[in-house]
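Note sheet for the following structure.
The values are calculated or read from the model by the stated rules, or taken from the named source; none is laboratory data. Computed from a predicted structure; not experimentally measured. All Cβ positions, even for glycine, are placed from backbone atoms using ideal geometry, and neighbour counts span all protein chains on display. Calculation scope for accessible area: heavy atoms of the full protein, side chains included, ligands and nucleic acids excluded. Shrake-Rupley method; radii C 1.70, N 1.55, O 1.52, S 1.80 Å.
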Amino acid sequence: MERVEESSGAEFSAQQWQDVDGIIDQHRGQPGALIPVLEEVQAVTGYLPAVVQRRVARGLGLPLSRVYGVVTFYSFFTMKPRGRHQIRICTGTACHVRGAQRNVNQLKTSLGIEIGECTDDREFGLETVRCLGACGLAPVLVIDQDTHRQVKKEQLPQILRQYQGAAEVSEG
Amino acid sequence: MIKLSIDDLPVEVPNGTTVLEAARRINIHIPTLCAYQELNHFPGACRVCLVECDRSRSLVASCVFPVAEGMKIWTHTERVRKARRAVVEFLLSDHPDDCQLCQKNGACELQAIAEQVGVRKIRVNRSDLSRHQIDSSSEALRRDPAKCIYCLRCVAVCAQVQGVNLLTPAGRGFDARVVPALGLDLADSNCTYCGQCAVVCPTGAIVEKDDTERVWAALADPQKHVIVQEAPAVRAQLGEEFGMDPGSLVTGQMIAALRRLGFDQVFDTNFAADLTIMEEGHELLQRVKQNGVLPMMTSCCPGWIKFVEHFYPSLIPNLSTCKSPQQMFGAIAKTYYAQIAGVDPKDIFVVSIMPCTAKKYEAARPEMCDSGFRDVDVVITTRELGRMIRGAGLDFVSLPDEDYDPPMGQYSGAGTIFGATGGVMEAALRTAYAVVTGKTMPNLDIQQVRGLAGVKEAALEVGKLGQVRVAVAHGLANARKLMDRVIAGTTDYHFIEIMACPGGCVGGGGQPLPASEEKLRLRAEALYRDDALVQKVRESHMNPAILALYEHFLREPLGYRSHGLLHTKYTERGE
Ligand code: SF4
Ligand code: SF4
Ligand code: SF4
Ligand code: FES
């Protein structure tokens, strides 16, 4: 199981923490509160790192293991920060056959991150997804809301540049 | 009552009974794997217990399927046997295939099931197990998630029995596994190292860390003077490793086996248990007389200590400052014993045989070196000692009874009952009574603190001290209930005994497997027999070896030397 890095929580502002505590207070004592609380909290903090899970567990009086179990069970919860631009690569059968893995490898090297991570400057996040149902366009990748079709690995630097703010992307 | 037929035999059981249970009533034992009766744990996860039922087109999991009037069940039709075999094949396809190298080899329930259902080949593709990582971060336990079959027994015991709630299923599908919260390594978590998860785990996915090679190495080193101590509960457990009946008291054979393994001196933790009572009894009297922090709480159990350090730091001042018997033994062995035996303490190597996995961690705590050396060098469990004895080719059952070595082998009946829940309390009260009144307690058996009730209470008149009120709990979930009451201020106890494991150390994380409540009872009875029938001296302060230790070395309980060697402090660790 992916291991959560412990951090102090200094990356979140006082306002964010206040909002988190407010959400917890609102739901405290309600049965089945955990999932809605985590959803609302993730909307505030962007993701659910260890510090945030600990805060929720303590606030709701639940074992940390319960919170962690739920966070890892539902795919819409994430323990890693997402990028401002989230790259989702389809690894369904059709895309796989047409070279999705080459694109995955290329992006991992050029961004310097693994699947499920995001760049230090939080510009890009990288994840793989099961079939997107666009097999005719394979291999497909989606960045934010845009679908990029029949992507060859040589085109990737060009594609990334369209989304890039200040961040540098090396052409590996 | 419900009438049904199982394999064409009639059976009548109460409404709500499962098919599995109904079958057992007529001595049909349907194979199970994830189920664990003692915990009332029937997650219906493994599907090994499938049977055919006339009310259902598909096969049903008998461990969760309730009986109904007139129902017909078949437990070993061709269809059932094929399906069961397929289920086990599938489990094995996602499991390592090197059983010979596994610590659980021979005691593994997955092996046993594979044998029972007759798996001879695996027709599905084996999965890649390299996604799993072994966690050997702690001194006590080793987790190998590749061997996990997802039965969730460990999750249940950690939550329901121990109230620690550390383990959890996480992830889903192919990535699903059972891990400590946040996926932490055990050493970074709030695990108490009680080892109850290792007791219930059917496979080698959670096991005690095996330290037997370190013991063999010390025994083979001519430079080392290797001495051994055995915890009270070990003498009531070890026979089971060799097929003897649970509750066999094998003190003499255990000593003989240890001599044959090559230990230079065979001593006994019970000696140090008597010493603990001297110190702890006097500490209690001092706290009562001088308005110290009450209730005082026992500190013999390292699982309990770590639990307090994580979850109840505000109660640290309530913990007795006494080290556990194991650690007192080590500190005395490398000072007093070194002196009287004329051995350089740097050459003394102390081995502990414990029913316990947490003791491995306790011996490694950084502060446990007051003798100037690591007080206890290696800790092995009852199961590991069983392995060593088998490895040496000793026929344990036919060994003659032998006697311990003086002086640190001599013990009283009070020392031996430490191994059962309530035993420390009973031993302490015997001595406290004698210290206060100058007389032996009229009845040395304090029945109110014996037995397997989760929380026990007693009140005793102790001379001019008046009434002394005590409580005893075992299993950390029970301890939690008691501690919440202490914090709420609704109790007025003077003294509380807590043991992390159900039944106390007789049910420790290092006990022979498989465990059951019945075995706890039988092992405890063996210890009470040792106390009442075998030992001539039944009070710690009457143990002549202890009296000599005070006369020649320690001088007095809670004295200057005691403070340096026998007392300790605790660390707040955060939830
Ligand atoms: S050793 Fe005890 S506390 Fe630690 S995970 Fe196992 S059952 Fe829980
Ligand atoms: S670690 Fe052992 S007890 Fe826990 S779920 Fe896995 S197989 Fe079962
Ligand atoms: S009760 Fe005994 S066996 Fe269990 S953790 Fe405590 S000392 Fe170890
Ligand atoms: S024993 Fe019935 S499902 Fe596992």
Just a yes or no: is a residue in the stretch B:365-377 in a helix (DSSP H, G or I) and surrounded by 15 or more Cβ atoms within 10 Å (Cβ to Cβ)? no
Exactly one condition in (1) in contact (Cβ under 8 Å) with a residue 60 or more places away in the chain; (2) under 21 Å from B:Ile277 (Cα atoms); (3) over 26 Å from the mean Cα position of the chain (by Cα) is false for B:Gly419; which is it? (3)
Exactly one condition in (1) within 12 Å of chain A (Cβ to nearest Cβ); (2) within 16 Å of ligand 1 (Cβ to nearest atom); (3) among the acidic types (Asp, Glu) is not met by B:Asp175; state its number. (2)
Would you mind finding the one in B:Thr192, B:Thr212, B:Thr203 that is under 21 Å from the mean Cα position of the chain (by Cα), among the hydroxyl-bearing types (Ser, Thr, Tyr), away from ligand 4 (no atom under 16 Å from the Cβ) and surrounded by 23 or more Cβ atoms within 10 Å (Cβ to Cβ)? B:Thr192
How many of the residues making up the stretch A:71-90 are within 11 Å of chain B (Cβ to nearest Cβ) and surrounded by 20 or more Cβ atoms within 10 Å (Cβ to Cβ)? 3
For the stretch B:302-329, how many residues meet the condition of being within 20 Å of the chain's Cα centre (by Cα) and among the hydroxyl-bearing types (Ser, Thr, Tyr)? 1
Take the conditions open to solvent by 10 Å² or more (accessible area, probe 1.4 Å), of a type outside the set (Ser, Thr, Tyr), more than 26 Å from B:Val506 (Cα to Cα) and not in a loop (DSSP other than H, G, I, E, B) and apply them to B:Val178. Does it pass? yes
Looking at B:Ser299, is it in the same structural domain as B:Pro232 (by TED's automatic domain parsing), open to solvent by less than 30 Å² (accessible area, probe 1.4 Å), touching a helix residue (DSSP H, G or I) at 6+ places or on another chain (Cβ under 8 Å) and within 24 Å of B:Asn190 (Cβ to Cβ)? yes
Could you list all residues from the stretch B:456-492 that are open to solvent by 60 Å² or more (accessible area, probe 1.4 Å) and not charged (D, E, K, R)? B:Gln467, B:Ile487, B:Ala488, B:Thr490
Residue check: is B:Arg131 within 13 Å of another protein chain (Cβ to nearest Cβ), open to solvent by 10 Å² or more (accessible area, probe 1.4 Å), of a type in the set (Lys, Arg) and out of contact with any strand residue (DSSP E or B) (no Cβ under 8 Å at 6 or more places or on another chain)? yes
Is it the case that B:Ala35 is closer than 13 Å to B:Ile113 by Cβ, away from ligand 1 (no atom under 16 Å from the Cβ), open to solvent by less than 30 Å² (accessible area, probe 1.4 Å) and under 34 Å from the mean Cα position of the chain (by Cα)? yes
Does B:Val87 satisfy the criteria of being touching a Gly at 6+ places or on another chain (Cβ under 7 Å), more than 16 Å from ligand 3 (Cβ to nearest atom), open to solvent by 20 Å² or more (accessible area, probe 1.4 Å) and not assigned by TED's automatic domain parsing to the domain that holds B:Ala187? no
Among the residues of the stretch B:493-509, is any surrounded by fewer than 18 Cβ atoms within 10 Å (Cβ to Cβ), touching a helix residue (DSSP H, G or I) at 6+ places or on another chain (Cβ under 7 Å) and over 18 Å from B:Gly413 (Cβ atoms)? no
If you check B:Thr203 against the conditions, is it within 23 Å of B:Ser130 (Cα to Cα) and within 14 Å of chain A (Cβ to nearest Cβ)? no
Is at least one residue of the stretch B:512-523 more than 16 Å from ligand 2 (Cβ to nearest atom), farther than 25 Å from B:Gln286 by Cβ and in contact with a Phe, Trp or Tyr (Cβ under 9 Å, 6 or more places away or on another chain)? no
Run B:Thr357 past the list (1) surrounded by 20 or more Cβ atoms within 10 Å (Cβ to Cβ); (2) out of contact with any Leu (no Cβ under 7 Å at 6 or more places or on another chain) and report the number of the one that doesn't hold. (2)
Which numbered condition in (1) buried (at least 16 other Cβ atoms within 10 Å of the Cβ); (2) within 13 Å of chain B (Cβ to nearest Cβ) is the only one that A:Asp19 fails? (2)
Is it fair to say A:Gln101 is at pLDDT 90 or above and either away from every other protein chain (no Cβ under 14 Å) or in a loop (DSSP other than H, G, I, E, B) (or both)? yes
Are there any pairs with C-beta distances below 8 angstrom linking a residue in the stretch B:148-165 that is free of Cβ contacts under 8 Å to residues at least 40 places away in the same chain to a residue that is within 16 Å of ligand 4 (Cβ to nearest atom) and not hydrophobic (A, V, I, L, M, F, W, C), with the two at least 6 apart or on different chains, and if so which? B:Val155/B:Pro169
If B:Asp344 passes every condition in (1) in contact with an Asp or Glu (Cβ under 7 Å, 6 or more places away or on another chain); (2) open to solvent by 20 Å² or more (accessible area, probe 1.4 Å) but one, which one does it miss? (1)
Only unsatisfied item for B:Asp188, checking (1) more than 11 Å from chain A (Cβ to nearest Cβ); (2) out of contact with any Pro (no Cβ under 8 Å at 6 or more places or on another chain); (3) of a type outside the set (A, V, I, L, M), is (1)
Does A:Gly32 fit the bill of being touching a helix residue (DSSP H, G or I) at 6+ places or on another chain (Cβ under 8 Å), at positive phi and away from chain B (no Cβ under 12 Å)? no
Would you point out which residue out of B:Ile417, B:Ile389, B:Ile353 is touching a helix residue (DSSP H, G or I) at 6+ places or on another chain (Cβ under 6 Å), assigned to a strand (DSSP E or B) and at pLDDT 95 or above? B:Ile353
Just give me the residues in the stretch B:215-230 being open to solvent by less than 10 Å² (accessible area, probe 1.4 Å) and farther than 18 Å from B:Ala257 by Cβ, in sequence order. none
Subset of the stretch B:1-51 that is in contact with a His (Cβ under 9 Å, 6 or more places away or on another chain) and farther than 26 Å from B:Val161 by Cα - its residue that is farthest from ligand 2 (Cβ to nearest atom): B:Asp7
Taking the stretch B:130-171 and keeping residues away from ligand 4 (no atom under 16 Å from the Cβ) and at positive phi leaves B:Gly163, B:Asn165, B:Gly171
Which residue, of A:Leu48, A:Leu64, is within 14 Å of chain B (Cβ to nearest Cβ), in contact with a strand residue (DSSP E or B) (Cβ under 9 Å, 6 or more places away or on another chain) and crowded, with 20+ Cβ neighbours inside 10 Å? A:Leu64
